[in-house]
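Presented below is the structure to which this report refers.
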Amino acid sequence: MASAQSGTLYRGREGMWSWVAHRISGMLIFLFLLVHVLDTALVRVSPEAYNEVIGHYKTVVFGLGEVGLVAAVVFHALNGLRIILVDFWSGGTRHHRKMFWGVVALWVLLMAGFLPRHLMHMFGA
């Protein structure tokens, strides 16, 4: 009889969570790009409306949204490199957990460098 651990490699482990986070970050980036294209196109329709929309981007809420966007882009890029290694390196599947935690560590390091500078810019320090 098969144990509860048998089956897929990704069930509830690092591989599954990286898959889920990769899809979520990809969708968030897609939504940003959609909004970005629409708000940029607004300048051709109504420069006043465009200026009003751009004015909203200077608020704290949108500043925090930028943090989320950068976090999503950085994670998506790093995890994408990990996926390439898993797919094309013969030892990729053997080391996918270590590579996942490496992605997380590098992501935290990069975000730790970005976040203070962005927050200082947001709050005018």
Legend entry - Yes/no for residue 119 being open to solvent by 70 Å² or more (accessible area, probe 1.4 Å), at negative phi, out of contact with any Pro (no Cβ under 9 Å at 6 or more places or on another chain) and in a helix (DSSP H, G or I): no
Legend entry - Positions within region 11-34 being at pLDDT below 90 and loosely packed, with under 11 Cβ neighbours inside 10 Å, in sequence order: 12
Inset, instruction - Quickly run through region 91-115 and pick out the residues that are part of a helix (DSSP H, G or I), farther than 14 Å from residue 80 by Cβ and touching a residue at least 60 places away in the same chain (Cβ under 8 Å). - result: 97, 101
Legend entry - Output for region 55-85, where each listed residue is in a helix (DSSP H, G or I) and either among the small types (Gly, Ala, Ser) or more than 19 Å from the chain's Cα centre (by Cα) (or both): 55, 56, 60, 63, 65, 68, 71, 72, 77, 80
Legend entry - In region 81-116, residue most open to solvent (accessible area, probe 1.4 Å) [restricted to those that are small (Gly, Ala, Ser) and over 16 Å from residue 14 (Cα atoms)]: 90
Inset, instruction - With the checklist (1) open to solvent by 40 Å² or more (accessible area, probe 1.4 Å); (2) touching a residue at least 24 places away in the same chain (Cβ under 8 Å); (3) closer than 18 Å to residue 18 by Cα; (4) not small (Gly, Ala, Ser) in hand, flag the one item residue 78 doesn't pass. - result: (1)
Legend entry - Counted residues, region 35-65 - those being surrounded by 15 or more Cβ atoms within 10 Å (Cβ to Cβ) and in contact (Cβ under 8 Å) with a residue 24 or more places away in the chain: 1
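The values are calculated or read from the model by the stated rules, or taken from the named source; none is laboratory data. A quick note: this is a predicted structure, and the numbers were derived from the prediction, not measured. Ideal geometry is used to build each Cβ from the backbone, glycine not excepted, and the neighbour counts take in all protein chains shown. Side chains included, ligands, DNA and RNA excluded: accessible areas come from the protein's heavy atoms. Shrake-Rupley method; radii C 1.70, N 1.55, O 1.52, S 1.80 Å.
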